[in-house]
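Novice: I have a structure I would like to understand better, so I am pasting it below and will then ask my questions one at a time.
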Amino acid sequence: MKDIVIKSADNGRATVIQSRSQYLTEGFRQLSDPSFYSKLDNDLTDKHRIEINKFISTMHQNGEI
């Protein structure tokens, strides 16, 4: 069914069942809270991928993983 969403709750062992519109409304509400999220002017995915790969390579070279 595409009109409902069934997910594990973020905390606890509960299962949450919501209409898709309720689920999206709550997601957008949380994302629009400026105390936790801010809109970026550019996509930082590539920068973060490079930094993470360097970190993992360093750990591998040091025998940490």
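The values are calculated or read from the model by the stated rules, or taken from the named source; none is laboratory data. All values derive from a computational prediction rather than experimental measurement. Cβ placement follows ideal geometry from the backbone for every residue including glycine, while neighbour counts extend to all protein chains displayed. Quick note on the areas: whole protein, heavy atoms, side chains included, nothing else; ligands and nucleic acids left out. Shrake-Rupley method; radii C 1.70, N 1.55, O 1.52, S 1.80 Å.
Novice: Within segment 5-14, track down each residue that is on the phi < 0 side of the Ramachandran plot and open to solvent by 60 Å² or more (accessible area, probe 1.4 Å).
Specialist: Within segment 5-14, Ile6, Lys7, Ser8, Asp10, Asn11, Arg13 qualify.
Novice: Quick check on segment 15-55: of everything there that is of a type in the set (Gly, Ala, Ser) and loosely packed, with under 10 Cβ neighbours inside 10 Å, which residue is farthest from Met1 (Cα to Cα)?
Specialist: Restricting to residues being of a type in the set (Gly, Ala, Ser) and loosely packed, with under 10 Cβ neighbours inside 10 Å, the top hit is Ser35.
Novice: If you don't mind, there's one more thing I want to ask. Can you spot a residue in segment 19-41 that is in a strand (DSSP E or B), over 15 Å from the mean Cα position of the chain (by Cα) and not acidic (Asp, Glu)?
Specialist: Yes, segment 19-41 has at least one match.
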